[in-house]
1. Please check which bits of the range 122-145 a label hung off residue 75 would reach, taking the label as a point 7 Å along Cα-to-C-beta and the cut-off as backbone N under 12 Å.
2. Assuming 0.36 nm per residue, please report the length gained on full extension of the stretch residue 126 to residue 197 beyond their Cα-Cα distance.
3. Treat the range 32-303 as a sphere of radius equal to its Kirkwood radius over Cα pairs and apply Stokes-Einstein at 4 °C in a medium of 1.567 mPa s; give the translational diffusion coefficient in µm²/s, rounded to a whole number.
4. Compute the length gained on full extension between residue 34 and residue 109: take 0.36 nm times their separation in residues and subtract their Cα-Cα distance, giving the result in nm to one decimal.
5. At residue 144 and residue 43, where each label point lies 7 Å from the Cα along Cα→Cβ, what is the point-to-point distance in nanometres?
6. Taking N as the number of residues in the range 193-305, what value does Rg over Cα atoms divided by 2.2 N^0.38 Å take?
7. Given points 7 Å out from each Cα along the Cα-Cβ axis, report the residue 136 to residue 242 separation in nanometres with one decimal.
8. If I model a spin label as a point 7 Å beyond the Cα along the Cα-Cβ vector, how far apart are those points for residue 117 and residue 275 in nm?
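Here, each number is a calculation from the coordinates, and none is a lab measurement. Every value quoted in this text rests on a predicted model; they were computed, and no experiment measured them. With ideal geometry, Cβ positions are generated from the backbone for all residues, glycine too; neighbour counts draw on all protein chains shown.
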């Protein structure tokens, strides 16, 4: 009986501690120390539904990159710097008239004939990312040198895609949902807004609203909503002598889970779902406007502890 009472009291104490932690003010400041290390797998999902003259030209694919972070410097202000190593790259895409294109840098024997084999040149390479004390990226350095090695093995269309994924702007946009998510000192139900430019194979402006939905087990669960849109006046993408531009808009939805102890994301999954017109100039069939539906999701998961 005494043991049962002790167990009940212990459970009550744990419940009280948990309740206190969930009501403790949530801070936007990152908690990092020199030589901290952590790893992420970041995946870019693309699902483009397009029909041209009744022919299905849809593509479905994903590209995943594993990043190893190490904190190299923490200033007295709380700003900090990291060294990031590219550990692994995978690519998997279904392309009309070409079929499935695959690549995995960890597969040492099955990649020789892959048209994406040049991606392996980036594995093991390092670049540097600087942050404010609140986790906002202020500078990304070293990616252009990595891009220089990759460009040699690609045709122009391939180079464009690599540049969008691994260029300075592309990497910065990719890593934004790993830190600096929380703004101010929000309570449950609080929301905050951001407007950012997402650079990639399709450039977009993202107007996003973040809402703190729940806090449990040391994690903050944040819902992401908003609107994504392309700039119809932006210069089009060059592809095999054609110029392709987009006039697309649509909702954004997703969830980001943040580790309250550090400020780093535990996981992130955010997807703009756009629809509208794609304009193709200079095609063998002449200029044309086609309907397009595009999902360009970005997900990330922290590996290990």
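1. Backbone N within reach: 130-134, 138-139.
2. Full-extension gain reported as 23.1 nm.
3. This corresponds to a translational diffusion coefficient of 65 µm²/s.
4. Between residue 34 and residue 109, full extension yields an extra 23.2 nm.
5. With each label point 7 Å from Cα toward Cβ, the separation is 3.3 nm.
6. Cα Rg divided by the expected 2.2 N^0.38 Å: 1.33.
7. Computed distance between label sites residue 136 and residue 242 equals 4.0 nm.
8. The modelled label-to-label distance comes out at 4.2 nm.
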